[in-house]
Amino acid sequence: MAIQENKSDIIWDQELIQKYNYSGPRYTSYPTALEFNEQFSEHDFLKAAQRYPNKPLSLYVHIPFCHKLCYFCGCNKIVTRHRHKVDVYLHVLKQEIINRSALFKHRTVTQMHWGGGTPTFLTDDEISWLMSSLRQSFHFADNAELSIEIDPREITTGTIQHLAKEGFNRLSMGIQDFNPEIQNLINRQQDEDLIESLIGQAKISRFSSISLDLIYGLPKQTVDNFMQTLEKVVKLSPDRLSVFNYAHLPARFAAQRKIKDDDLPSAQEKVKILQSCIEYLTHHGYNYIGMDHFAKPTDELAIAQQKGILHRNFQGYTTQGEADLLGLGVSAISMIGDSYAQNQKELNLYQEQVEKSGHALWKGYTMTEDDKIRRDVIKQLICHFYLDKSVIEERYNIQFDQYFKEDLSLLSTLQQDGLVDNNHDSIVVSAKGRLLIRNICMCFDIYMRKIARQQQFSRVI
């Protein structure tokens, strides 16, 4: 398959960005989670687990607890100082681990990620206990990717050493912004010296990938003060960077009501912040992977993209998309076989259901043949900015242009604007179109043709 060169090149067209900056999915799945339904049963989950028995397995473990409320956050979390809640949760989580692992006893775990909440809310002993429980229940590959999200405010360098001892070899750290005024407004005060020492310890402990998370669009952010944050971040030299768009949805997330609308940057300023960010990071040695992700050319994400084997799932861009994904813990999502499944979102319901039934399945979705075809098209475009039509034709025995006649008609407007080229044998996203890749993917999303669906998502920029 021919792969497009210079994927990190971006051409910034302000007029087109304004034209296409409307709401749309991030495509961590297709169909999106809006299509999940409660008719999806435990029988459906068991059937999905048997669909591809030889696939490797990726685990996602959700730890929902946080020490302190960050006002911008839209994650499923529980802010508490009561340690007994953790004891109860870990006990129930182990029950789920034991019961679910029985379905995958012949699989090899090649990847695991702990997210939250704040996984490092757990003490060192609790981390060791949970890792032991997982290793007793699943077979891990010797070279498995083990990653964890950490909050730099509540840990020491000793925590980093302990994570390495337990086998973790990748970490992501939330920075958001280094500006003290902005940190106060979002209730996330952090010590820069501690962050530097934590990253230094991670490098000493031979973590193979260190990722830092930033957010643009926060209160009182400007191009100038965000550039100061970027300068500090580049000096820390992480392998990867995620620069997320802050979606202000106070009606949905109560904590965001503590952020004043008048403090937020204007839409124009927000777009300028993103533009300056992309220009600065690509100038300082980072590849633009897609959407809000950047990586050094030597990082596995960048290498996978160049080789045409990058994937995308609920954890974002990944090198292990061919693995089934099993989600464990409250609200965790699985991608098993040709199905999606999500656990109960409320902590009490999660715990009660696991203790009663051995699992916490809430809802899910089994893909149709059309869903699978569209999923593969969208995944190729969002990961590689390129699609070889013959690959889809051979895999699904279709004639691409005929099958997607209506979709290509929708794409034609974007083609006229220079965002994409629809050739006889391929679809190629231009340097102008890469920032608007979600819009291009939406042309192939049959569910997005229901207008109400579009209102459920954040803007693309």
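Among the residues of the range 24-44, those that are open to solvent by 30 Å² or more (accessible area, probe 1.4 Å) and hydroxyl-bearing (Ser, Thr, Tyr) comprise 28, 41.
Just to be sure, is residue 117 among the small types (Gly, Ala, Ser) and touching a Lys or Arg at 6+ places or on another chain (Cβ under 6 Å)? Show your work before the answer.
Details: among the small types (Gly, Ala, Ser): yes; touching a Lys or Arg at 6+ places or on another chain (Cβ under 6 Å): yes.
Criteria met by residue 117.
Which of the residues belonging to the range 126-158 are farther than 23 Å from residue 103 by Cα, without any contact (Cβ under 8 Å) to a residue 40 or more places away in the chain and buried (at least 20 other Cβ atoms within 10 Å of the Cβ)? Across the range 126-158, the qualifying residues are 127, 148, 149.
In the range 200-235, how many residues are over 19 Å from residue 147 (Cα atoms) and free of Cβ contacts under 8 Å to residues at least 60 places away in the same chain? If you could, list the steps in order and put the result at the bottom.
Step one: filter the range 200-235 for residues over 19 Å from residue 147 (Cα atoms), giving 215-235.
In the following step, the residues that additionally are free of Cβ contacts under 8 Å to residues at least 60 places away in the same chain were identified as 217, 219-235.
Qualifying residue count, the range 200-235: 18.
Given the structure, is residue 402 without any contact (Cβ under 8 Å) to a residue 24 or more places away in the chain, of a type in the set (S, T, N, Q) and under 18 Å from residue 22 (Cα atoms)?
So residue 402 does not fit the description; no.
Could you list, in sequence order, the residues of the range 407-445 that are among the polar types (S, T, N, Q) and either part of a helix (DSSP H, G or I) or open to solvent by 50 Å² or more (accessible area, probe 1.4 Å) (or both)? Before the answer, list the steps.
Here is the first cut: in the range 407-445, the residues among the polar types (S, T, N, Q) are 409, 412-413, 415-416, 422-423, 426, 430, 439.
Within the range 407-445, 409, 412, 413, 415, 416, 423, 439 meet the criteria.
Quick grid of which residues meet (1) among the small types (Gly, Ala, Ser); (2) open to solvent by less than 20 Å² (accessible area, probe 1.4 Å):
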{"residue": "173", "(1), (2)": "no, yes"}
{"residue": "183", "(1), (2)": "no, yes"}
{"residue": "200", "(1), (2)": "yes, no"}
{"residue": "206", "(1), (2)": "no, no"}
{"residue": "211", "(1), (2)": "yes, yes"}
{"residue": "214", "(1), (2)": "no, yes"}
{"residue": "217", "(1), (2)": "yes, yes"}
{"residue": "256", "(1), (2)": "no, yes"}
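Counting residues that are modelled with pLDDT of 95 or more and closer than 29 Å to residue 23 by Cα, which helices (runs of 4 or more DSSP H) fully inside the range 134-250 reach at least 3?
Values: elements: 157-165, 180-185, 192-204, 223-236.
In the range 134-250, the matching helices (runs of 4 or more DSSP H) lie at 180-185, 223-236.
Of the listed requirements (1) assigned to a loop (DSSP other than H, G, I, E, B); (2) more than 20 Å from residue 23 (Cα to Cα); (3) over 21 Å from the mean Cα position of the chain (by Cα), residue 297 misses just one: (3). Across the range 395-406, the qualifying residues are those that are touching an Asp or Glu at 6+ places or on another chain (Cβ under 9 Å) and either polar (S, T, N, Q) or open to solvent by less than 100 Å² (accessible area, probe 1.4 Å) (or both), and the one among them that is nearest to residue 432 (Cα to Cα) is 400. For the range 100-125, the set of residues classified as loosely packed, with under 15 Cβ neighbours inside 10 Å and of a type in the set (S, T, N, Q) consists of 123 only. Scanning the range 325-378 for residues that are polar (S, T, N, Q), open to solvent by 30 Å² or more (accessible area, probe 1.4 Å) and in contact (Cβ under 8 Å) with a residue 40 or more places away in the chain yields 357, 366. Looking across the range 354-376, the residues that are more than 19 Å from residue 34 (Cβ to Cβ) and either in contact with a Leu (Cβ under 8 Å, 6 or more places away or on another chain) or not polar (S, T, N, Q) (or both) come down to 354, 355, 356, 358, 359, 360, 369, 373, 376.
Restricting attention to the range 192-225 and to residues that are over 24 Å from the mean Cα position of the chain (by Cα) and of a type in the set (S, T, N, Q), the residue that is nearest to residue 169 (Cα to Cα) turns out to be 205. All but one of (1) farther than 26 Å from residue 150 by Cβ; (2) surrounded by 15 or more Cβ atoms within 10 Å (Cβ to Cβ); (3) of a type in the set (S, T, N, Q) hold for residue 266; state the number of the condition that does not hold. Residue 266 satisfies all of (1) farther than 26 Å from residue 150 by Cβ; (2) surrounded by 15 or more Cβ atoms within 10 Å (Cβ to Cβ); (3) of a type in the set (S, T, N, Q) except (2). Would you confirm whether or not the range 68-77 contains a residue that is open to solvent by 40 Å² or more (accessible area, probe 1.4 Å), under 14 Å from residue 360 (Cβ atoms) and touching a Lys or Arg at 6+ places or on another chain (Cβ under 8 Å)? Within the range 68-77, one or more residues are open to solvent by 40 Å² or more (accessible area, probe 1.4 Å), under 14 Å from residue 360 (Cβ atoms) and touching a Lys or Arg at 6+ places or on another chain (Cβ under 8 Å).
The values are calculated or read from the model by the stated rules, or taken from the named source; none is laboratory data. Not measured: the values here are computed from a predicted model. All Cβ positions, even for glycine, are placed from backbone atoms using ideal geometry, and neighbour counts span all protein chains on display. All accessible areas refer to the heavy atoms of the entire protein, side chains included, with ligands and DNA or RNA removed. Shrake-Rupley method; radii C 1.70, N 1.55, O 1.52, S 1.80 Å.
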